[in-house]
Amino acid sequence: MRLPAGALALTLVLTGALTSSCTLGGPTAVRSGQTTQSSTLPNPDAQRALLTLGHLSDQFEVDDEDEDQEEGDADWGCLTPDDVAGGGADDVEISFSAKRDPGLPGVFNSVTSGAGDAAAAERAFDALAASFKTCTSVHTKDDDGTAWDFDVTTDTTGWAKGGDQQINVVAIGTVGMSGVELPLDIRMSLVRINEIATMVGFFDLSDTPRATRTAHQRLIGAATARLRAVLVGEKLPPTRPLLEDYEFSNVLEELLSPTQQV
């Protein structure tokens with residue numbers, strides 16, 4: 001069981017809402033701490049700002065894009081409104097999943113650039129944060145019977161070093177299917193530097209929020225540092241595995257292999 005379609009849908013909501021309402025990217029960029037005239041962040045530079053496998057651990061792999069596209073979108077209610085478009089042509093993204101079945105935890109990272117400016121991006125962030133704060137819970141069921149039930153919180157605490165603005169969305173609850181209910185922890189953060197944004201999503205079948213929070217914070221911190229370095233024109237920060245000590249959940253294995261009664 002994989003959950004990339006639902007997480008990818010939320011990724012598109014976060015990045016698409018910004019690029020469609022008050023676009024990111026445009027005539028200004030960061031250069032050595034100064035705001036100067038420039039073009040939209042080029043696609044190769046955006047690619048360099050993305051996380052790599054080296055930021056996770058050897059227990060992860062890059063997702064197959066064709067396989068992900070075959071997955072149906074999960075219905076996550078107010079977290080994935082129907083009227084939000086996808087990102088722009090210059091936007092880039094990458095997704096990772098655990099090598100072991102069912103491919104969890106999963107990690108998503110995208111860099112968004114468009115045709116706006118820093119002031120427009122700030123207004124877009126404010127509007128997007130206000131919109132997500134109205135979504136406090138999700139109770140939905142997909143056509144295949146998969147049930148999603150979780151509480152949602154949104155804040156704008158900027159704990160990623162080097163960011164100008166930040167939105168954090170956390171959804172914790174359960175996913176139910178075939179009479180089985182599993183814990184689910186979803187975390188998304190979008191960080192703006194001037195008019196460019198990086199987004200990191202982390203999700204797992206986990207009931208240990210401290211572990212998922214730490215993993216997510218490490219990844220968005222690394223993504224923000226990489227984007228900052230690209231914009232300033234500095235050497236990228238050293239790449240180091242940030243999830244080597246992440247303890248994988250065994251909840252699914254325990255359900256599939258119950259203890260034999262003696």
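The values are calculated or read from the model by the stated rules, or taken from the named source; none is laboratory data. Everything numeric here is computed off the predicted structure, so don't read it as measured data. Cβ sites come from the backbone with ideal geometry, for glycine too, and all protein chains shown count toward neighbours. What goes into the accessible areas is simple: the full protein's heavy atoms, side chains included, and nothing from ligands, DNA or RNA. Shrake-Rupley method; radii C 1.70, N 1.55, O 1.52, S 1.80 Å.
Scanning region 185-198 for residues being open to solvent by 10 Å² or more (accessible area, probe 1.4 Å) and in contact (Cβ under 8 Å) with a residue 60 or more places away in the chain gives a total of 2. Could we say that LEU219 is more than 30 Å from LEU41 (Cβ to Cβ) and touching a strand residue (DSSP E or B) at 6+ places or on another chain (Cβ under 7 Å) here? The answer is no for LEU219.
Here is a check on your reading of the model: is GLY201 modelled with pLDDT under 90 and crowded, with 23+ Cβ neighbours inside 10 Å? So GLY201 fails the test. Take ASP185 and tell me if it is within 17 Å of the chain's Cα centre (by Cα) and among the acidic types (Asp, Glu). For ASP185, the condition - within 17 Å of the chain's Cα centre (by Cα) and among the acidic types (Asp, Glu) - is met. Being surrounded by fewer than 17 Cβ atoms within 10 Å (Cβ to Cβ) and at pLDDT 90 or above is a condition met by no residue of region 81-97. Filtering region 103-125 to residues that are assigned to a loop (DSSP other than H, G, I, E, B), under 25 Å from GLY176 (Cβ atoms) and in contact with a Ser or Thr (Cβ under 6 Å, 6 or more places away or on another chain) leaves only GLY103. Among the conditions (1) open to solvent by 20 Å² or more (accessible area, probe 1.4 Å); (2) in a helix (DSSP H, G or I), the only one that GLU234 does not satisfy is (2). Among the residues of region 107-153, those that are among the hydroxyl-bearing types (Ser, Thr, Tyr), closer than 23 Å to GLN217 by Cβ and under 17 Å from the mean Cα position of the chain (by Cα) comprise SER110, THR112, THR153.
As for region 167-184, it holds at least one residue that is open to solvent by less than 30 Å² (accessible area, probe 1.4 Å), free of Cβ contacts under 8 Å to residues at least 60 places away in the same chain, of a type in the set (Gly, Ala, Ser) and farther than 24 Å from ASN43 by Cβ. Starting from region 123-141, take each residue that is free of Cβ contacts under 8 Å to residues at least 60 places away in the same chain and open to solvent by less than 90 Å² (accessible area, probe 1.4 Å) and list its partners that are assigned to a helix (DSSP H, G or I) and not aromatic (Phe, Trp, Tyr), counting only C-beta distances under 8 angstrom and pairs at least six apart or across chains. Qualifying pairs under 8 Å: PHE132/LEU79; CYS135/GLY77; CYS135/CYS78; CYS135/LEU79.
Restricted to region 126-197, the set of strands (runs of 3 or more DSSP E) holding at least 3 residues that are of a type in the set (Asp, Glu) comprises 147-155.
Give me the pairs, please: first residue somewhere in region 59-79 and on the phi > 0 side of the Ramachandran plot, second residue anywhere and at pLDDT 75 or above, beta-carbon distance under 7 Å, and either six or more positions apart or on two chains. Note: pairs meeting the criteria are GLY77/VAL138; GLY77/THR140.
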